[in-house]
1. Can you give me the number of residues within region B:236-270 that are among the acidic types (Asp, Glu) and touching a residue at least 60 places away in the same chain (Cβ under 8 Å)?
2. Considering every residue within region A:566-576, establish whether at least one is within 25 Å of residue C:86 (Cα to Cα) and not assigned by TED's automatic domain parsing to the domain that holds residue A:261.
3. Mind listing whichever residues of region B:188-218 are away from every other protein chain (no Cβ under 14 Å), surrounded by fewer than 17 Cβ atoms within 10 Å (Cβ to Cβ) and within 17 Å of residue B:166 (Cα to Cα)?
4. Cβ-Cβ below 7 Å, separation at least six or inter-chain, first residue in region C:31-56 and at positive phi and within 8 Å of chain A (Cβ to nearest Cβ), second surrounded by fewer than 24 Cβ atoms within 10 Å (Cβ to Cβ) and charged (D, E, K, R): which pairs?
5. Going through A:526, A:542, A:559, A:572 one at a time, which residue ends up being without any contact (Cβ under 8 Å) to a residue 24 or more places away in the chain and of a type in the set (Asp, Glu)?
6. Looking only at region B:64-86, which residues are within 15 Å of residue B:109 (Cβ to Cβ) and in a helix (DSSP H, G or I)?
7. Name the single residue that is farthest from the other protein chains (Cβ to nearest Cβ) among those in region B:25-53 being under 19 Å from residue B:158 (Cα atoms) and in a helix (DSSP H, G or I).
8. Scan region B:1-22 residue by residue and report those that are farther than 20 Å from residue B:110 by Cα and in a helix (DSSP H, G or I).
Amino acid sequence: MSILREFYHNATDNVLNRRLINDIMPTKTKSFWQKKLEEIERSKSGTNADYDSWKKRTLDPWNEKTHFSPAEYTNSSGFDLKEIYTSKDIPNDYEKKRLGMPGEYPFTRGIYPNMYRGKRWTMRMFSGFGTPEDTNHRLRYLIKHGETGLSIAFDMPTLYGYDCTNERAEGEVGKCGVNVSSLKDMEVIFKGIDLSKVSTSMTINAPAAVLTAMYAVVAQKKNIPIEMLAGTVQADILKEYIAQKEWIYPPEAHIRLIRDMMVFCTNNMPKWNYISISGYHIREAGASALQELAFTLADGFFYVDLGLQAGLEIKRFAPRLSFFFNSSINFFEEIAKLRAARRIWAEVLKEKYGVTDKRSLGLKFHTQTSGYTLTWQQPLNNIVRTTIEGMAAVLGGTQSLHTNSYDEAWALPSEDAVKVALRTQQIISEESGIPDVIDPLGGSYYLEWLTDKMVEETYRYFEQIDRLGGILEAVKKGYIQKEIAATSYKRQIRLEQGKETMVGANKYVDEDEKPISILRISRKAEKAQVARLKSVKSKRNELHVQKTLLDLENAMRTENENTFPYIMKAVEAYATLEEISNVGRKVFGEWKEPIIV
Amino acid sequence: MKINEIISGVLRGDKTSISRAISIVEGEPGSKNSRMLMEKIYKNIGNAHIIGITGPPGIGKSTLIGRLSGIITNSGKRVSIVAIDASSPFSGGAFLGNRIRMQESLARNGIFMRSIASRGMEGGLTASIWETVKILDAGGSDYIIVETVGAGQSDIEVVNLAHTVIVVLGPGLGDQIQALKAGIMEIASIFVVNKIDLPGAYIAIKDLQDTLAMSPQKGWKIPVLGVNSLDGTGFDELISSIGAHMDYIQTNDNAKEEIIKKELKVIAMEELRRSFERKMNAFLSDQKNGEILIKGSVNIYQIVDSILHDDKE
Amino acid sequence: MLGERSSVNGKNQSLFKDRPIKILLAKPGIDGHDRGIFVLSKAFRDAGMEVIYPGLLPKPEDVVEIAVNEDVDVIALSLLNGAHLTVFKKVVDIMKKRGIKDIAVVGGGTIPDEDKPKLEKMGITGNYGPGTPLSVIIEHVKKRAEEARKLKMA
């Protein structure tokens, strides 16, 4: 200590002084999460005498007599499951404080008072492949068959901010979604579709601002005021670094661009949900249900902080944040996860952020059934899987749902398969009776125990993430990615060992089965796109394009300037996606991920 | 590839040959090919300056190496990197060199990088890395950076081969010094405290300076530098310290002699180890000896003596 | 199999006999789906191999450069974005141009059956899809590594 003190006195540099003070006297108070965990611990009823005596009286003798040796019962989140749950497994004050009623804090049972009686979930099916013309055709087909919201997927070059003419785009154009290289492509995609009447969800992240700007400009050109535009862009860049890995710049740069879009849309596009905080990809990357829940909500609170730092009022932007969860195959675990998500969001916003506005406290989400659980083997089994997963999403209170097509394990879905997937939702909605009563599984001892456990373990993760310096730091250090990779490897080994089952894939296998036929995107899409881009470039006013790009560059270099209007100007001048992205590449550099394995 | 092709390729600086030559010394240590290779290239070595870099995991060695190698390459010199990664004690497998490879500057500058798994080798590792370094030297590298995680005894042996040894530490020094094997502090030519932007870094520098002030230093005065590998802060000082240390070695006969002695010791020890291993294996594979061991009629020290002095090979 | 050490034990094996199988895993296209490649990296490591995975978005040239520097036995390419015919080909073309014949190339990802003969013709074998047992993949890599070692000796 004496050396430190001496150094401290000798130091003249103020910065140094401040650093030394931090070094010597780190602050230590109990975190919000620690307090929440203690609260949960206190509310537990301790031993469960009913269960214990039943086990001794009836279960154990039975098992002994029948020579039954219990296998390992656990779920993806790694929770050990008992044979049965009783009221004693539920905390004392649970119903009043943590369950509540629909449309009331903490929203565990649903965010709207009348839920599906008032409004069914939106049936939103992903489309987007090949050329913009193909996608336009598919969108019109779905609208004709009763789909109530459009959802567009983009190809890899678009997602990474490359034009179809880039060397790296070769062979990838139109493969996993539709290619958009310039405003022209967006004009084709929405040809003949009234943008004031539809809500459009675009699965786009790193270049989200550019695609949003394109959508807005398409509307403007059709004389539709941008105030009327309804829809969602994903724009959740944190989960890109965590799971989907479709980034362009380092995290701070993307976060800044998202901030600009948040501010612009809050002020100018009131029906546009600018961030869809996505657990879906985190789950698909191999996370457990718990990890999906914890990491996604941690991302959510990060964006809340971002909005606050940008000077936005929480009740003006929190209702515009929506979530996007995965619904996987473990039925109760998924329902519990979705219910827990609502409760955590409400609890934390109220208790940590002091939010009282009801619309901000209610967590809205879109759900998609799991792609990972689909098998290429015996593909019709996938319809059953998707049905179970879709039901879990509805029982979990989702606001919109995408059901996967049975052929998606292998390629982009065929039209017939998409129709079955949509029909699956319609059957759940209109035949099953599931939506008739709100939160019909509420009060199930098992489900309520599981929901509470999900919340508790999420808070434990939050505590750990905070210790690493917050979610951004945890992601930059690769911690979150490592956690997911470890879970995913463990599950793979369990599958190999037959401890987990995938029907048709590792059990009840049909010998000599060949993969089902697939929708192939020919290289024609690429050629057509390349031709269109060339024509766009030859027709535009080059001087004007370069001027808008230069203005954008200056805006990007000025931390407090909002870049969004500049992106709109560049888009309108038919600057291409890659040209616009390259401005950022020049200003911010590109990102290289930390090591995961 | 034939061994003669490989040898002439190495001397030409051909990457494929250099790479294959390394595979030989790494994959069949002490073999006829490996010996011939080393002898043939020996006259062409001695031009490269070898920089050993060690320090605890997570301290940012890879980023530092990425930046350092980029700067040296930009000055027109050829840099190669040898990175040692720990093998899994369970399977013997390993993840190799990934952290350094992540550094953008490597691909951009065409820097040759080779990673080597430690494979739990006792001693053998040092020799094969030494040979790897010599192959790179003969292949025309001006600078060779050898990176290890400063945790085990063999790591110390490895960096000890270097002309300039850089020990990288970070803020919050206490635990790191604990984690480093005793001895690593003694072989440093330069101390670097990375992540100078973080709290605790300045205390770390001060602590190191105080520790050094208490131990007698003759000749080379060990500098303690603060750097930030992410933004390049402090790299000018680092480069000039490496340069100063090179000059020191080149102009100081004692230092030169030390280095040659170290090299001699490594080669000699490795030859001894290999020859003893052969004797040991011969002894163990003789069934009669097994019976003697089990019976316990001969004292274990006497057995060791008789193996050591068994001259027939 | 998992947990078993993988050194190449072919007959007349003298080159790098002490070295385990060395494998480079890469996704050389614009494709961020890395769940599978992480699982495989760990599985190969646990099967006793020395594993190099250089992260996302390496260019085909980088993949070959790393393979040469590290003198790997096998390059394992994976893509789930449907661009395998174009992008895998770039890698083998660069290898051909550089005269590299003693490194085996295996493939994986969402590869339709009808593409497999085309890939095999380029010398890319395996071409396993999702859901393939790890043991099958590991066995195949061992077999190809052994072939590569023999060529390295010739």
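The values are calculated or read from the model by the stated rules, or taken from the named source; none is laboratory data. No experiment lies behind these values; they were computed from the predicted model shown. Positions of Cβ are generated from backbone atoms using ideal geometry, with glycine treated the same way; all protein chains shown enter the neighbour counts.
1. Result for region B:236-270: 2.
2. Yes: one or more hits.
3. B:217 - this is the single residue of region B:188-218 that is away from every other protein chain (no Cβ under 14 Å), surrounded by fewer than 17 Cβ atoms within 10 Å (Cβ to Cβ) and within 17 Å of residue B:166 (Cα to Cα).
4. C:55/A:592; C:55/A:593
5. A:542
6. Passing the criteria: B:65, B:66, B:67, B:68, B:69, B:70, B:71, B:72, B:73, B:74.
7. Among those residues, the one meeting the criterion is B:38.
8. Once the filter is applied, which keeps residues that are farther than 20 Å from residue B:110 by Cα and in a helix (DSSP H, G or I), region B:1-22 yields B:3, B:4, B:5, B:6, B:7, B:8.
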